[in-house]
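**Student:** Below is a structure I'd like to ask you about.
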Amino acid sequence: MRQFSYLRPTGISDAVAALAAEPTAQLLAGGTNLVDLMKYDVAQPSAVIDINGLPLKEIEVLEDGAYRIGALTTNSQVAYDPRIARDVPLLSSAILAGASPQLRNAATSGGNLLQRTRCYYFYDPSTPCNKREPGSGCSAIGGINRIHAILGASEACIATHPSDMCVALAALDATVEVTGPTGARTIPFPDFHRLPGDHPERDNTLQRGEIVTGIRVEGGRFAAHHSYLKLRDRLSYAFALVSVAAALDLDGDTILDARVALGGVAHKPWRNPLAEAELAGQPATRDTFEAFARRLLSGAKGQGHNDFKIPMAEKAIVRALMQAASGRPQVQSEKRLR
Amino acid sequence: MDLGQPRAPSPTVPVTLTINGTNHSLDIPPFVTLLDLLRGNLALTGTKKGCDHGQCGACTVLVDGVRINSCLKFAVSLDGTEITTIEGLGTPDHLHPLQKAFVEHDAYQCGYCTPGQICSAAGLLSEGHAKSREEIRELMSGNLCRCGAYTNIADAIEDVMGAEGRETVREAAE
């Protein structure tokens, strides 16, 4: 591994100053992704800023009843928090669908947002990759692309965002709280991650020196009708080929409000708010969900090896919405689909 | 603010760790993982290096009682913590209940993944989220066993969960 200097700031402003001062520095929280990327020589930080001493480890209830999840809370801490499990079960379920218990014990909420793609070419410095080395080309286009994007890809990059947690946060319209050299601001979740376009090296819209401090998410509303359905090559401890976070607000069998986000299919969690809005007032039936699934997947394009993801996603969207409507969400320890 | 000398790579960082009940004051380069510190610097070779990328669980240890992959932690980031490895769980004369159960249930063939399996199972038991065999299997999925001893590993863990636990497990399975 390359040499780097090691800093351990104890305050947010110190951490921001250190990050702003050294553009090639990187933040270290749980380390589950950064340490791995450094071993592969994909990440080459000149300095590692260990932020584990920052006071961002709490889950707070805000005055409006929403939750503020500190950036340094661990995935396990959030998933098993009794308040989150009760009021935001979709988030809890999505977190427990990802990684392994050991990784969830170390990985943080902020780190989950900032993790890099698991595209195998991104991880292999001997191959061209526009995300790792801008301008070098994309090896996945025309290469092995079974795990790659079917929506929102560009000619420069067809990588997917690997998170499960972020798919739930996207569906729940979470807000990301950040602090930078000019102060604090909030970023609506759909604006936090970006599509690759001509700059796949940029995963998100953070500005230089900005640190994620927390995530704000509303509770209660979709607790009765939700499901996180994750389809993958093995039944646990694998990244999603396709995942669906579905949340419904129902009046009897009539849809009042619907949110659906897809994972494993794009450079960011994929939503279509216009299609969701059209679900309001419709009956919560298979026909309704099938029409919605086709709409959400409009424009989907396979790369060859991943063509199967399009019909798989269509069926998964319908299945997850049926699970949500019936109040029987997928349970992550249960290996049969509900 | 005091951030030391950030521009030049600092050769070593002072760290205090309690490992299996013994205090260690160490000066270590920041790139040393907890796994390499344990096996290389401290000769605690019970903890195994499998994939070295957080994909196999062979390096699982307990940090402040919580199971993690020691290959993905820079040791300098764990200053002040208490670490328990397989050497700290039991001794040949006084086996930990999980070690005893693994022997009784023949929960291994080659044994390479076993220290990680047992440390992981110790973490699972203290977390208390597994209530059924299905949940034991899901919450042990971070530990791979290439010999395929999974059935006996699950049996051993179920055994330690206790008679009361076994009843619950059986009911849930029916």
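**Student:** Looking at the range B:29-109, which GluC sites (Glu not before Pro) are in a loop (DSSP not H, G, I, E or B) and have at most 14 other Cβ atoms within 10 Å?
**Tutor:** none
**Student:** So, one more: Over the range A:5-50, what is the mean sequence separation of C-alpha contacts under 8 Å (at least six apart), divided by residue count, expressed as relative contact order in percent?
**Tutor:** With pairs under 8 Å counted, the relative contact order is 57 percent.
**Student:** Further question on the same structure: For a protection proxy built on the mean count of beta-carbon atoms within 10 angstrom, sort A:78-84, A:158-164, B:22-28 highest first, please.
**Tutor:** Order by mean packing, descending: A:158-164, A:78-84, B:22-28.
**Student:** Taking the dipole about the Cα centre of the range A:1-92, with the C-beta of Lys and Arg at +1 and of Asp and Glu at -1, give me whichever of A:Ala21, A:Ser92, A:Thr32 is farthest to the positive side.
**Tutor:** A:Thr32
**Student:** While we're on this one: To make sure I understand, if each residue's beta carbon is the centre and we count other beta carbons within 10 Å, what order do A:Thr117, B:Thr151 fall in, fewest to most?
**Tutor:** Ascending Cβ contact count within 10 Å gives the list B:Thr151, A:Thr117.
**Student:** How far apart, in nanometres, would the label points at A:Ser136 and B:Ser126 be if each is projected 7 angstrom from Cα along the Cα-to-Cβ direction?
**Tutor:** Each label point lies 7 Å from its Cα, and together they span 4.2 nm.
**Student:** To the nearest Å, what is the center-to-center distance of the range A:300-318 and the range A:113-156, using C-alpha atoms only?
**Tutor:** Taking the Cα centre of each part, the range A:300-318 and the range A:113-156 sit 19 Å apart.
**Student:** I would also like to ask the following. Please report, in debye to the nearest 20, how large the charge dipole of the protein assembly as shown is about its Cα centre when each Lys and Arg carries +1 at its beta carbon and each Asp and Glu carries -1 there.
**Tutor:** My answer is approximately 1180 debye.
**Student:** What is the average number of partner chain Cβ atoms found within 10 Å of a Cβ in A:94-100?
**Tutor:** 3
**Student:** Let me ask something else about it. For a quick check: sort A:Leu72, A:Leu262 by the number of other beta carbons within 10 angstrom, fewest at the front.
**Tutor:** Ranking A:Leu72, A:Leu262 by Cβ neighbours within 10 Å, fewest first, gives A:Leu72, A:Leu262.
**Student:** Compute a Gaussian network model of chain A, connecting alpha carbons closer than 10 Å, and tell me which residue from A:Val244, A:Val42, A:Val167 fluctuates the most.
**Tutor:** In this elastic network of chain A, the residue with the biggest mean-square fluctuation among A:Val244, A:Val42, A:Val167 is A:Val42.
**Student:** Using a ≥ b ≥ c from the Cα gyration tensor of the range B:97-173 (square roots of the eigenvalues), is it rounded, prolate or oblate, where a/c under 1.5 gives rounded and otherwise the larger of a/b and b/c decides, a/b for prolate?
**Tutor:** Because a/c hits 1.5 or more and a/b exceeds b/c, the range B:97-173 counts as prolate.
**Student:** Turning to a different aspect of this structure: Can you figure out the FRET efficiency of B:Asp106 with B:Asn41, using R₀ = 30 Å and their beta-carbon distance, to the nearest 0.05?
**Tutor:** 0.35
**Student:** Next up: Cα axis of helix B:150-160 to longest principal axis of chain B: angle in degrees, 0 to 90, nearest 10?
**Tutor:** The helix B:150-160 is inclined about 90 degrees to chain B.
**Student:** Please state the shape class of the range A:160-207: rounded when a/c is under 1.5, otherwise prolate if a/b exceeds b/c and oblate if not, all from the C-alpha gyration tensor.
**Tutor:** oblate
**Student:** Residues in the range A:97-121, backbone N under 17 Å from the label point at B:Cys51 (7 Å along the Cα-to-beta-carbon vector): list them, ranges by number please.
**Tutor:** Label zone hits: A:97-107, A:116-121.
**Student:** Which value at 222 nm does the protein assembly as shown reach when only helices count, each DSSP H run of 4 or more adding -39,500 (n - 2.57), with the total divided by all residues and rounded to the nearest 500 deg cm²/dmol?
**Tutor:** Value at 222 nm, helices only, nearest 500: -8000 deg cm²/dmol.
**Student:** Out of A:Asp257, A:Asp50, A:Asp14, any idea which swings most in a Gaussian network model of chain A, alpha carbons joined below 10 Å?
**Tutor:** Fluctuation is largest for A:Asp14.
**Student:** Give me the log10 of I(q) over I(0) for chain A at q = 0.06, 0.11, 0.12 Å⁻¹, as the Debye formula computes it from C-alpha points; what are the numbers?
**Tutor:** -0.20, -0.69, -0.83
**Student:** Here is a further query. Excluding residues fewer than 8 places away in the same chain, name every one of the aspartates and glutamates whose C-alpha is closer than 12 Å to that of A:Lys268.
**Tutor:** A:Lys268 reaches A:Asp164, A:Asp191, A:Asp203.
**Student:** Want the number for A:Asp307 to A:Ala277: 0.36 nm per residue separation, take away the alpha-carbon distance, what's left?
**Tutor:** Value of the extension gain: 8.0 nm.
**Student:** Inside 10 Å of the C-beta atoms of B:63-74, what's the mean count of C-beta atoms belonging to other chains?
**Tutor:** 6
**Student:** Hey, another quick one. Just to confirm a number: summing +1 for Lys and Arg and -1 for Asp and Glu over residues other than A:Thr74 whose beta-carbon lies under 11 angstrom from that of A:Thr74, what do you get?
**Tutor:** Cβ neighbours under 11 Å give a net charge of +1.
**Student:** What pairs in A:Lys335/B:Lys48; B:Lys49/B:Lys100; A:Lys315/A:Lys335; A:Lys230/A:Lys301; A:Lys315/B:Lys73 have C-alpha atoms more than 28 Å from each other?
**Tutor:** Exceeds cut-off: A:Lys335/B:Lys48; A:Lys315/B:Lys73.
**Student:** Another one. So what's the angle, to the nearest 10 degrees on a 0 to 90 scale, between helix A:309-326 and the longest Cα principal axis of chain A?
**Tutor:** Between helix and principal axis, roughly 70 degrees.
**Student:** Measuring from label point to label point, each 7 Å out along Cα→Cβ, what is the B:His94 to A:Asp287 span in nm?
**Tutor:** 7.1
**Student:** Something else: Subtract the Cα-Cα distance of A:Arg336 and A:Arg146 from 0.36 nm times their separation in residues, and report this length gain in nm to one decimal.
**Tutor:** Once the chain is fully extended between A:Arg336 and A:Arg146, it gains 66.0 nm.
**Student:** In addition: So how much slack lies between A:Glu63 and A:Gln3, counting 0.36 nm per residue of separation and subtracting their Cα-Cα distance, in nm?
**Tutor:** Difference between extended and current length: 17.0 nm.
**Student:** Let me ask you something else. Would the range A:279-338 count as rounded, prolate or oblate if I go by the C-alpha gyration tensor, calling it rounded below 1.5 in a/c and otherwise prolate when a/b exceeds b/c, oblate otherwise?
**Tutor:** Oblate shape, in that a/c is at least 1.5 and b/c is the bigger or equal ratio.
**Student:** Say each of A:Arg295 and A:Asp233 gets a label point 7 Å from the Cα, pointing the same way as Cα to Cβ; how far apart are those two points in nm?
**Tutor:** Distance between the two pseudo-spin positions: 3.5 nm.
**Student:** Counting partner chain Cβ atoms within 10 Å of every residue's Cβ in B:53-59, what's the average?
**Tutor:** Mean shielding by partner chains, rounded to a whole number: 4.
**Student:** Add +1 for every Lys or Arg and -1 for every Asp or Glu among the other residues with Cβ under 9 Å from the Cβ of A:Ile95, and state the total.
**Tutor:** 0
**Student:** Let me ask another. Which residue, B:Ser70, B:Ser132, B:Ser120, tops the fluctuation ranking in a GNM of chain B built on C-alpha contacts under 10 Å?
**Tutor:** B:Ser132
**Student:** For an R0 of 35 angstrom, estimate the FRET efficiency from the Cβ-Cβ distance between A:Glu155 and B:Thr12 and round to the nearest 0.05.
**Tutor:** So the FRET efficiency works out to roughly 0.15.
None of the figures in this text is laboratory data; all of them are computed from the coordinates on show. These numbers come from a predicted model, not from an experiment. FYI the Cβ positions are ideal-geometry reconstructions off the backbone, even for glycines, and counts take in every protein chain you see.
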